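Enquirer: Have a look at this one before I ask anything.
The values are calculated or read from the model by the stated rules, or taken from the named source; none is laboratory data. These figures come from a predicted structure and were not determined experimentally. Cβ coordinates were reconstructed from backbone atoms using ideal geometry, including for glycine residues, and neighbour counts include every protein chain displayed. Side chains included, ligands, DNA and RNA excluded: accessible areas come from the protein's heavy atoms. Shrake-Rupley method; radii C 1.70, N 1.55, O 1.52, S 1.80 Å.
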Amino acid sequence: MIQKHVYIVMGVSGAGKTTIGKLLAKQLEIPFFDADDFHPVENVKKMESGVALKDDDREEWLENLSIKITEWQGKYGAVLACSALKEKYRKQLQVLPQDHITWIFLHSDYEVIRARIAGREGHYFKPELLQSQYESLELPSYGIHVDVDQSPEQIIDEIMEKVKNKAEIGLFGLGVMGQSLAINMASKGYSVSVYNRHIDKIEVDIAKNFVSENAGLKFQGYDNLKAFVESLEKPRNILLMVNAGKVVDFVIEDLLPYLEKNDLIIDGGNSHYKDTIRREKDLKKKNILFMGAGVSGGEEGARKGPSIMPGGPENSYKRVGPILEKIAARDKTGEPCCTYVGPDGAGHFVKMVHNGIEYGEMQLIAETYHLLRFHTSAKPDEIADLFEEWNRELQSYLLEISVDILRKKENGELLLDNILDAAKQKGTGGWSTNAALELGVPLDTISAAVMARNISGMKEQRAAAAKLYDLKTSEGENINELKSAFFEAYKATSIVNHAIGFDLLTAASKEYHWNLNLSEIARIWTNGCIIRSKLMEDLVAKFNNYQQHLLMQEEIVLEISNFRTSLLKVVGKALEAGFPVPVMSAAANYLLSFTVEQSSANMIQAQRDYFGAHTYERKDKARGEFFHTQWLQEEK
Ligand code: 6PG
């Protein structure tokens, strides 16, 4: 039995601290103490007369307890029942190193506890004080959490299961992101079991080596699935960090035989939101919980604090949310860049749109660089300086890394010039485009960025076509004369690209009833993720109490009105000079189409009606009334 350890059973009055504490002490064969017995007499009197204790009253009591805790640990260890509702009380009692004290938090819904108190006799705590206890309660993000809406025997079984050195979370898949997230979780004090498959000669002892390379952290490593699952506290939390697609289904299939009711799988990869919806439904039938959580930030973000977009059953988030929030990046007010996004596929949908915006921003930077480099003949270092100057205002992570890229030399030459100009993709940008098509919303900049990657991939054909067409570009423009127009065009495009991404979120939220909070989504994208920027920070406030199209927002209207001329000028100049600017011109076209009252679509409607009798609505009649014309008949 684990000796010389102090277990502090905490929770509101009525949660069963004394009953459970005594049973636990019996199981562990160590003494039990009730913190109430260490109150000064004045405190007991106050409580008996129904007066809530103030922090000053608690000082002496906590001091007594902290001395006792050290004493007990030095002898046999102990179980102490103590409310310890606030973090500052717990800090005062945490007099020993973390691995000498285990916090056991007994909790349940207010009504459950209230009913229990109402059924008790001879206890000096008044039920009316319960409300104030719930208000004071600050949930610990650590320790063992047990819902007490079950029998004492079940509660003890659950505690004993957790006490037996089980890991709080399992991480499946030690790729780059998996390793970084595992280190992040362990360095925040969580005990983590990690699993990586064994493939002869290819993936050998990955988990074992990972554990020994990170010996200072609390890891258990496995390449045996059953042992991995058994090493986890029940109900289990397993974070999958594997490639999106069929692999996720195979992994779930492999895990299923070892899982039990209420175990939770969190898919942290870039899975398609429809797969997530399907997996959650299928697993629900088997009593297994499933969440799809988008994770952004690459290797460094995962290690130091990513932006996390979890979706799925809200109850599951309550369970695993504290861990995810603890490992996430912080926004500028110190709040975690992780929030419960919404039900079923919402988390992965939001991550997909994050990536869609990412595609748009990346292409915007790429084509701006390309235009500057070849149209104005600016040197890479000059472009790096210019981007650096812009980024003092924009604070965009993607622009920041592009500055570094423009300065990276290899054997004295710019590395960028030796990188093949054919862009790869794993799917999220294209999926955003598909989703927009399904939902019937425009996605100009994002889909243009996807298509730009597609056409870049036709490298050989492009090279042959370049010879066939021999299109001359106009070069050698003076950069100084174009700088400010370029900057304004860049800013306008970036705003339009974000407006388009958020509009897709709005459409999905309506269609799937996800109730997405755009301001919160912008907030968790202000740090840790790839599209963090000053613009994103501004959007947090802009979307607060405002869920309309971003381009309708008053300040944005002003900004875009200022930049519009430059955007149109740069796009015009670029095309005339022979340079493709797919995202900038998509933004310009979107902007013009979005802000024009009379569009060209009356001609489309007429054509549809002409050849297919598809009917049309009229300006001079109510909406919803449909007309058809015999186009070839003479008007009488
Ligand atoms: C992130 C990134 C990351 C990755 C995507 C896009 O938010 O950390 O978006 O998820 O870059 O997989 O990759 P592709 O460009 O290959 O589609």
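Enquirer: Taking amide H atoms as placed 1.01 Å from N in the peptide plane, list the residues 5 or more away in sequence, or in a different chain, whose amide H sits under 5 Å from that of MET291.
Expert: Distant-sequence amide H within range of MET291: ILE265, ILE266, ASP267.
Enquirer: Of the peptides 250-258, 142-150, how do they stack up when ordered by the mean number of other Cβ atoms within 10 Å, highest first?
Expert: My ranking of the peptides, most packed first, is 142-150, 250-258.
Enquirer: DSSP loop trypsin sites (Lys or Arg not before Pro) in the stretch 389-481 with at most 10 other Cβ atoms within 10 Å of their Cβ, which ones?
Expert: Details: sites: ARG392, ARG407, LYS408, LYS409, LYS424, LYS426, ARG453, LYS459, ARG462, LYS467, LYS472; in loops: LYS408, LYS424, LYS426, LYS472.
Those satisfying the criteria are LYS424, LYS472.
Enquirer: Now for a separate question. For a distance above 44 Å, tell me the whole-number percent of Cα pairs in the chain that qualify. Walk me through the numbers on the way to the answer.
Expert: On the way: 73136 of 201930 pairs.
Roughly 36 percent, once rounded to a whole number.
Enquirer: Would you mind checking which residues have amide H under 5 Å from GLN395's amide H? H placed 1.01 Å from N; only 5 or more apart, or other chain.
Expert: Counting only residues 5 or more places away or on other chains, the set is LYS534.
Enquirer: Between the helical axis of 246-255 and the dominant principal axis of the chain, each derived from Cα atoms, what acute angle in degrees is found, rounded to the nearest 10?
Expert: Helix 246-255 sits at roughly 10 degrees to that axis.
Enquirer: Scan around ALA78 for amide H atoms under 5 Å from its own, H built in the peptide plane at 1.01 Å from N, and keep only partners 5 or more places away or cross-chain.
Expert: Amide H neighbours of ALA78: HIS5, VAL6, TYR7.
Enquirer: Moving on. Taking 8 Å as the Cα distance limit and 6 or more residues as the minimum spacing, I'd like the relative contact order of the chain as a percentage. Please list the in-between numbers first.
Expert: Working: 1031 pairs, mean separation 60.3, N = 636.
Relative contact order of the chain: 9 percent.
Enquirer: Spelling out what I want: for every residue of the stretch 196-205, take phi, set θ = phi - 60°, compute 6.51 cos²θ - 1.76 cosθ + 1.60 (Karplus), and round to whole Hz; glycine and proline get x.
Expert: 9, 5, 10, 10, 3, 6, 10, 10, 10, 6
Enquirer: With r as the distance between the Cβ atoms of ALA577 and LEU468 and R0 = 22 Å, compute the FRET efficiency 1/(1 + (r/R0)^6) and round to 0.05.
Expert: 0.65
Enquirer: Moving on. Please give the calculated 222 nm ellipticity per residue for the chain, where each DSSP H segment of at least 4 residues contributes -39500 (n - 2.57) and the sum is spread over every residue; nearest 500 deg cm²/dmol?
Expert: Working: 26 runs with 337 residues, N = 636.
When only DSSP H runs of four or more count, the value is -17000 deg cm²/dmol.
Enquirer: Where the centre of each part is set by its Cα atoms, how far does the stretch 1-45 sit from the stretch 332-374, in angstrom?
Expert: Centre-to-centre distance over Cα atoms comes out at 49 Å.
Enquirer: Let me ask another. Quick check on the stretch 354-399: take the gyration tensor over C-alpha atoms, sort the square-rooted eigenvalues as a ≥ b ≥ c, and tell me if it's rounded (a/c under 1.5), prolate or oblate. It would help to have the intermediate numbers written out before the result.
Expert: Details: a/c = 3.36, a/b = 1.41, b/c = 2.38.
Taking the square roots of the gyration eigenvalues as a ≥ b ≥ c, the stretch 354-399 is oblate.
Enquirer: For the stretch 1-103, run through the trypsin sites (Lys or Arg not before Pro) and keep only the ones in DSSP coil with at most 11 other Cβ atoms within 10 Å of their Cβ.
Expert: Numbers: sites: LYS4, LYS17, LYS22, LYS26, LYS45, LYS46, LYS54, ARG58, LYS68, LYS75, LYS86, LYS88, ARG90, LYS91; in loops: LYS4, LYS54, LYS75, LYS86.
In loop regions of the stretch 1-103 (DSSP not H, G, I, E or B), the sparsely surrounded trypsin sites (Lys or Arg not before Pro) are LYS54, LYS75.
Enquirer: Which chymotrypsin sites (Phe, Trp or Tyr not before Pro) in the stretch 561-636 pass both tests, a DSSP loop state and at most 14 other beta-carbon atoms within 10 Å? All intermediate terms of the calculation are to be shown ahead of the outcome.
Expert: Working: sites: PHE563, TYR590, PHE594, TYR610, PHE611, TYR616, PHE626, PHE627, TRP631; in loops: PHE626, TRP631.
Counting only loop positions with at most 14 other Cβ atoms within 10 Å, the chymotrypsin sites (Phe, Trp or Tyr not before Pro) in the stretch 561-636 are PHE626, TRP631.
Enquirer: What list of ³J(HN,Hα) values in whole Hz, one per residue of the stretch 571-581 in order, does the Karplus curve 6.51 cos²θ - 1.76 cosθ + 1.60 (θ = phi - 60°) give from phi, with Gly and Pro shown as x?
Expert: 4, x, 4, 4, 5, 5, 7, x, 10, x, 9
Enquirer: If you average 1/r over every pair of different alpha-carbon atoms in the stretch 466-620 and take one over that average, what Kirkwood value in Å do you get? Working shown, then result.
Expert: On the way: mean 1/r = 0.0543 Å⁻¹.
Value: 18.4 Å, from the Cα pair sum.
Enquirer: Nearest 10 degrees is fine. How inclined is helix 397-407 to the longest principal axis of the chain, computing both from alpha carbons?
Expert: On a 0 to 90 degree scale, this one is about 60.
Enquirer: If you don't mind, there's one more thing I want to ask. Find the centroid of the Cα atoms in the stretch 70-90 and in the stretch 576-617, then give the distance between the two in whole Å.
Expert: 70
Enquirer: Right, another one. Specify the angular offset, from 0 to 90 degrees and rounded to the nearest 10, of the alpha carbon long axis of helix 273-285 from the longest principal axis of the alpha carbons in the chain.
Expert: Roughly 30 degrees between the two axes.
Enquirer: If you scale each eigenvalue of the Cα gyration tensor by 5 and take the root, what three semi-axes come out for the stretch 10-71, rounded to whole angstrom and sorted largest first? Don't skip to the answer; put the middle values down first.
Expert: Values: eigenvalues 107, 48, 15 Å².
The answer is 23, 15, 9 Å, longest axis first.
Enquirer: OK, next. Using a 7 Å offset from the Cα along the Cα-to-Cβ direction at both ARG623 and LYS569, what is the distance between the two label points in nm, to one decimal?
Expert: 3.7
Enquirer: With a 1.4 Å probe and every protein chain left in place, work out the accessible area per residue of the chain in Å², rounded to a whole number.
Expert: Working: 31760 Å² over 636 residues.
I get 50 Å² per residue for the chain.
Enquirer: Still on this structure, I have one more. Can you give me the Rg/Rh ratio for the stretch 39-107, using Cα atoms for both radii and the Kirkwood formula for Rh?
Expert: Working: Rg = 13.0 Å, Rh = 13.2 Å.
With Rh from the inverse mean 1/r over Cα pairs, Rg/Rh is 0.98.
Enquirer: Would you tally the net charge around VAL540, using a Cβ to Cβ cut-off of less than 10 Å, leaving VAL540 out, and scoring K and R as +1, D and E as -1? Could the numbers behind the result be given before it?
Expert: On the way: positive: LYS332, ARG523, LYS542; negative: ASP331, GLU520, GLU537, ASP538.
Taking every other residue near VAL540 into account, the sum is -1.
Enquirer: Continuing with this model, one more query. Using alpha carbon coordinates only, what is the Rg to Rh ratio of the stretch 106-245, with Rh defined as the Kirkwood radius?
Expert: Details: Rg = 19.9 Å, Rh = 17.6 Å.
Rg divided by Rh gives 1.13.
Enquirer: How long are the semi-axes of the equivalent ellipsoid of the stretch 203-263, defined as square roots of 5 times the Cα gyration tensor eigenvalues? Whole Å, largest first. Don't skip to the end; give the middle numbers.
Expert: Details: eigenvalues 91, 51, 21 Å².
For the stretch 203-263, the semi-axes come out at 21, 16, 10 Å.
Enquirer: Further, regarding this structure: With the Cα gyration tensor of the stretch 162-281 in hand, convert its eigenvalues to equivalent ellipsoid semi-axes via √(5λ) and list them largest first in whole Å. All intermediate terms of the calculation are to be shown ahead of the outcome.
Expert: Numbers: eigenvalues 92, 58, 38 Å².
Over the Cα atoms of the stretch 162-281, the ellipsoid semi-axes are 21, 17, 14 Å.
Enquirer: Something else: Apply 1/(1 + (r/R0)^6) to the Cβ-Cβ distance of ASN478 and ASN454, taking R0 = 51 Å, and write down the FRET efficiency to the nearest 0.05. Display every interim value, and only then the final one.
Expert: Numbers: r = 34 Å, r/R0 = 0.66.
Step by step, r from the Cβ atoms, then E = 0.90.
Enquirer: Same structure again: Heavy atoms only, probe 1.4 Å: what % of the accessible area of the chain goes to carbon and sulfur, would you let me know? Walk me through the numbers on the way to the answer.
Expert: Numbers: 16140 of 31760 Å².
C and S fraction of accessible area: 51 percent.
Enquirer: In nm, to one decimal, how far is the modelled label at LYS164 from the one at ASN544, with both set 7 Å along Cα→Cβ?
Expert: Label-label distance for LYS164 and ASN544, simple model: 5.0 nm.
Enquirer: For LYS68, give me every one of the aspartates and glutamates with a C-alpha distance below 15 angstrom, ignoring sequence neighbours fewer than eight places off in its own chain.
Expert: ASP34, ASP36, ASP37, GLU59, GLU60
Enquirer: Next question. Rounded to whole Hz and in sequence order, give me ³J(HN,Hα) for the stretch 612-624 from the Karplus expression 6.51 cos²θ - 1.76 cosθ + 1.60, θ = phi - 60°, writing x for Gly and Pro.
Expert: Residue by residue, the stretch 612-624 yields x, 6, 7, 6, 8, 9, 10, 5, 8, 10, 5, 5, x Hz.
Enquirer: In nm, give the distance between the simple-model label positions of ALA52 and GLU520, each being 7 Å from the Cα along the Cα-to-Cβ direction.
Expert: 2.6
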